[in-house]
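These notes are about the structure you will find just below.
The values are calculated or read from the model by the stated rules, or taken from the named source; none is laboratory data. If you're wondering where the values come from, they're calculated on a predicted model, not measured in any experiment. Cβ placement follows ideal geometry from the backbone for every residue including glycine, while neighbour counts extend to all protein chains displayed.
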């Protein structure tokens, strides 16, 4: 019996991408034949970088990762996943708070589109990190060197210096 090709999407706003996100990408790429980092446009989140800028930053970081790509999308994640013929949605979990929200989302996605969600626990050193927290630390001039990649630090500093 031939092995089934498995395509996963890893959706998020990634505003900005963190080392925690990269941890999930690097661990997730070992589980799937193809992993698409799907940068969403959130109508409810106040975003610092455009989706195109976020795609650029992520593309720099994943260029040497086999089977990993990045693209922006609009609309419902589950519809995007269906359009991309994804077999699963990959999500990272940081805490029990994440579990409750993500479980509800996973059940809804399965009911609406029949797509499964696979969860990866983030590594302990990134379990507290969020893009919102990163933006807050950056706006107050804090050190982000252990939390986000260097290219993202530079772009974030440039963006905040313009404000």
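For the range 116-136, check the following and say yes or no: at least one residue is free of Cβ contacts under 8 Å to residues at least 40 places away in the same chain, buried (at least 19 other Cβ atoms within 10 Å of the Cβ) and touching a strand residue (DSSP E or B) at 6+ places or on another chain (Cβ under 7 Å).
The answer is yes; a qualifying residue exists.
Okay, residues lined up against (1) touching a strand residue (DSSP E or B) at 6+ places or on another chain (Cβ under 6 Å); (2) outside any strand (DSSP E or B); (3) surrounded by 18 or more Cβ atoms within 10 Å (Cβ to Cβ):
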{"site": "15", "(1), (2), (3)": "no, yes, yes"}
{"site": "21", "(1), (2), (3)": "no, yes, yes"}
{"site": "39", "(1), (2), (3)": "yes, no, yes"}
{"site": "48", "(1), (2), (3)": "no, yes, yes"}
{"site": "53", "(1), (2), (3)": "no, yes, no"}
{"site": "64", "(1), (2), (3)": "no, yes, no"}
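Looking for something in contact (Cβ under 8 Å) with a residue 24 or more places away in the chain, closer than 19 Å to residue 149 by Cβ and over 15 Å from the mean Cα position of the chain (by Cα) - is there at least one such residue anywhere in the range 84-105?
No - not one qualifying residue is present in the range 84-105.
Just to verify a result, which residue in the range 137-149, among those that are touching a residue at least 12 places away in the same chain (Cβ under 8 Å) and farther than 17 Å from residue 45 by Cβ, is surrounded by the most Cβ atoms within 10 Å (Cβ to Cβ)?
Of everything passing the filter in the range 137-149, 148 is surrounded by the most Cβ atoms within 10 Å (Cβ to Cβ).
Going through the range 77-108 one residue at a time, which ones are farther than 24 Å from residue 126 by Cβ, in a helix (DSSP H, G or I) and in contact with a strand residue (DSSP E or B) (Cβ under 6 Å, 6 or more places away or on another chain)?
Passing the criteria: 80, 81.
Could we say that residue 80 is touching a helix residue (DSSP H, G or I) at 6+ places or on another chain (Cβ under 9 Å) and in contact (Cβ under 8 Å) with a residue 24 or more places away in the chain here?
no
Cβ-Cβ below 6 Å, separation at least six or inter-chain, first residue in the range 48-59 and over 9 Å from residue 14 (Cβ atoms), second assigned to a helix (DSSP H, G or I) and modelled with pLDDT of 95 or more: which pairs?
none
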